[in-house]
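Bear in mind that the values in this text are calculations on the coordinates, not laboratory data. Computed from a predicted structure; not experimentally measured. Cβ coordinates were reconstructed from backbone atoms using ideal geometry, including for glycine residues, and neighbour counts include every protein chain displayed.
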Amino acid sequence: MAHSDSGGRSQSPPLSNADRRAARHRRLRNLSGTVLSLALTLLGLLLVTFIIGRVMPIDPVLKVVGDRATQAQYDAAYRAMGLDQPLYIQFAGYIRDVLSGDFGRSISTGQMVIDDIKRVFPATLELATLGTFIGVFVGVPLGVIAAARRGGLIDQIARVVALVGYSMPIFWLGLMGLLVFYGILGWVGGPGRQSIIYDGMVPSVTGLILVDSLLAGDWPAFKDAFSHIILPASLLGYFSLAYISRMTRSFMLEQLSAEYITTARVKGLSERAVIWRHAFRNIAIPLVTVIALSFGSLLEGSVLTEIIFSWPGLGQYITKSLLAGDMNAVLGGTIVVGTSFIALNLLSDLLYRVLDPRSK
């Protein structure tokens, strides 16, 4: 039974040893389930990419030895690549190589695929991160205000913004953005990550040009890099805020119709306090998952944006490799994108458990 302390406040009785063991067992079971789900998802990703590599109408041996190789050279390369082994042995070796970070050698660049990915992934990460920031800092307030003023002008604007964001082709918006803001107005930098005069001028520490230029104190390089990234990041951010604002509005409408909101209003709390201190606090937890999924979508879906803006990121790398029939590079990039999605889902699940004690 609960008892009161000297101040008259009710306190819960201390947990018994059995309750503590049950809580530990529950946390361990949840953790085991999460790890198992993560392992199965990763295994499924590897299985899919392995099958794709085997069913594609591209002979990996010919890509290595060339069309003019003799039959003896072809057979030797075929055996050296382990393609004469049963599929289950090939798959086991494929898992071993991937887990060790060995995606093979890129035919296009002549470099190890993992080294190519280390070179191009920071560009995609920087672009997707800035796009997500734009989507969050615009989409969340827009969704909250739209829900608070349901049926009003801002709500109608939010609906139109979300509708256009979901239906407008990204390549068309990108081309129009370049034409207007770069070609006509000259407000932003052109295609590419930076101007030629700044190429290689900033020491690479993180691979993120905005961060590296700040660390170096090179403000002209930072300004130039920002002028190049702001348009493609805004384009991705627009699609992100369309999704985030719609989900935020939906979450807020559910909370604003709850009884505790009515009680808070009856008690005389200001509308601002009701919306931001009570309703928004309760949607913060599911909103974390929405933002994480949005970030993962930008990492994956930046292919067209990178092509339009000649952005030297992972999406452009995968596309060029696919056109060249470089399957090692294609599959390596695909695994990195898929693994990023898995990691973001795991992170959002962990944050959910930390922010919401009831889920433990």
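Structural remarks
- Projected onto their three principal axes, the Cα atoms of the chain cover extents of 90, 65, 41 Å, largest first.
- Between Lys320 and Ser100, the contour length at 0.36 nm per residue exceeds the Cα-Cα span by 76.7 nm.
- Which of Ile209, Ile107, Ile51 has the fewest Cβ neighbours within 10 Å, and the rest in rising order: Ile51, Ile107, Ile209
- Stretching Ile184 away from Asp84 to a fully extended chain increases their span by 30.2 nm, per 0.36 nm per residue minus the current alpha-carbon distance.
- Sorted largest first, the principal axis extents computed over the alpha-carbon atoms of region 246-360 equal 67, 34, 17 Å.
- Gyration tensor (Cα) of region 93-141, equivalent ellipsoid semi-axes in angstrom: 33, 14, 6
- With the simple spin-label model, which puts each label point 7 Å out from Cα in the Cβ direction, the Ser37 to Ile197 separation comes to 5.3 nm.
- Helical content alone sets the calculated 222 nm signal of the chain at -23500 deg cm²/dmol, taking -39,500 (n - 2.57) per DSSP H segment of four or more residues and averaging over every residue.
- Between Met112 and Ser106, the built amide H atoms are under 5 Å apart, and every one of these is 5 or more places off in sequence or on another chain.
- The residues neighbouring Met201, those whose beta-carbon lies less than 14 Å from its own, together hold a net charge of -2 under the Lys/Arg +1, Asp/Glu -1 convention.
- Here the extension length gained between Met168 and Ala273 equals 34.2 nm, from 0.36 nm per residue of separation less the Cα-Cα distance.
- Look at Phe226, Phe295 and count the other Cβ atoms within 10 Å of each Cβ; fewest to most, that gives Phe226, Phe295.
- For Val161, Val144, order by how many other beta-carbon atoms lie within 10 Å, fewest first: Val161, Val144
- Modelled label positions at Leu215 and Val266, each set 7 Å beyond Cα in the direction of Cβ, lie 5.7 nm from each other.
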